[in-house]
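Written out below as structure tokens is the structure these notes cover.
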Amino acid sequence: MTAQPQATTLTEQETQMRLRAAAFVGIGMPALLYFGIMAIIDGEHLLSVLAFGTAAIIVVCFLILWRRRCGYGAVRPGIASLTLLLLYLVVFSGPDHARALWFLTLPLVCSLLLPPREGGIWAAGSMALAIYLMTQAGSLDGGSPYSTAYIVRFTILYGLLSAVLTWSEILLILYQQRLQGQNAALAEERDHLEKEIIARAVLEQELRYLATTDPLTGLLNRRAFMAMLAGELTRSQRLHSRFTLLMLDIDHFKQINDSHGHPAGDAVLVHLAALLTEQLRSIDKLARIGGEEFAIMLVDTPADGAAGVVERLLDSIRSQPAEHPASHQPIAFTASIGCTETLPEDDWEAIERARLIKKAKDADALGTDEETDPPGCRLTGLK
């Protein structure tokens, strides 16, 4: 198996260097090719070799820089070959030929492709070497002598150009550092705001949970159940459907607290909430609306279907006692369930008048029809 190359993300500095190198190659290559071709035409074979050789070295350096993360090390050979070519032009072109002025482009190249300090040292050292070669050009074979005035003007122009480019590069670096600092501050502020938004969302979720949930059993509380009841009533009126409400009350719950203690009473409530949740469907709604009172909404379930649910709930309560939290002894208990079926024409005021959510003991007080109603359950209309 061949190893797949890993994708790397370039830094901002590496990206800028690549863009500057690409700009240099795009502008410098035509000039180098021009020098090489004109040197061939003029019969200057050494100049043509230097021009084409410099172009080849710069292309190789650019490819290395583009394909590998070599940094400034990839561009130094190209700058060195270009410096050698420009020094050759200074020595053997003479003051009467414009080719010597191409040496003035070296500060620009150094500022583009090298760090400010290294670029300044490179440009200054190259200028010192050029001045020395100008003073010795007349004594070299094929060289042209330079006057002192020309050397002075050339040096001043080169120095001014280098100073402007170096100062511009320094200003650019300072601006980039300031911009990076602002971006870092904005990023930090954004992270802080995101954390604050997340914390606020978590807090709102916790508050919503506390406002709608019974803390002991984890069921819906009275407020949340009444809101769902109103919504289900609106839906049943729109769809002409029915649903049944069950009101469950633990029998003699005060005696459980008195005999076994309040922790045992809490354990009975938690146990009953788990039993009811296990027996009901996911679409049904279950809530603890009082101390030992639970309300159940059987969605899309008429009274005849609710009777079977009531029997199943009562059987589960009778067959599965709670457990004392300290002694782990079983705590048997019973419950009574009152039932009320809604009709499509019922409204909220009718439900309030009929006291849809009523205590199971109140339902028992009305009497139980043993032929049609399950034990502990009475089905009543809302009319």
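The values are calculated or read from the model by the stated rules, or taken from the named source; none is laboratory data. Please read all numbers here as calculations on a predicted model, not as lab measurements. Cβ atoms come from the backbone with ideal geometry, glycine included; neighbour counts cover every protein chain shown.
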Segment 286-300 - residue that is crowded, with 21+ Cβ neighbours inside 10 Å and touching a Phe, Trp or Tyr at 6+ places or on another chain (Cβ under 7 Å) and, of those, nearest to H262 (Cα to Cα): E292
Filter segment 184-222 down to residues that are closer than 20 Å to L272 by Cα and not acidic (D, E), then give me how many there are. 10
Quick one: would you say M134 is crowded, with 22+ Cβ neighbours inside 10 Å and farther than 20 Å from G36 by Cβ? yes
Of the conditions (1) out of contact with any strand residue (DSSP E or B) (no Cβ under 7 Å at 6 or more places or on another chain); (2) closer than 30 Å to A335 by Cβ; (3) not charged (D, E, K, R), T166 satisfies every one except a single condition; which number is it? (2)
Is at least one residue of segment 120-131 among the polar types (S, T, N, Q) and at pLDDT below 85? no
Among the residues listed as S236, S241, the single one being modelled with pLDDT under 90 and either touching a helix residue (DSSP H, G or I) at 6+ places or on another chain (Cβ under 6 Å) or assigned to a loop (DSSP other than H, G, I, E, B) (or both): S241
Of the residues in segment 88-111, those that are surrounded by fewer than 20 Cβ atoms within 10 Å (Cβ to Cβ) and aliphatic (A, V, I, L, M) come to V91, A98, L101, L104, L108
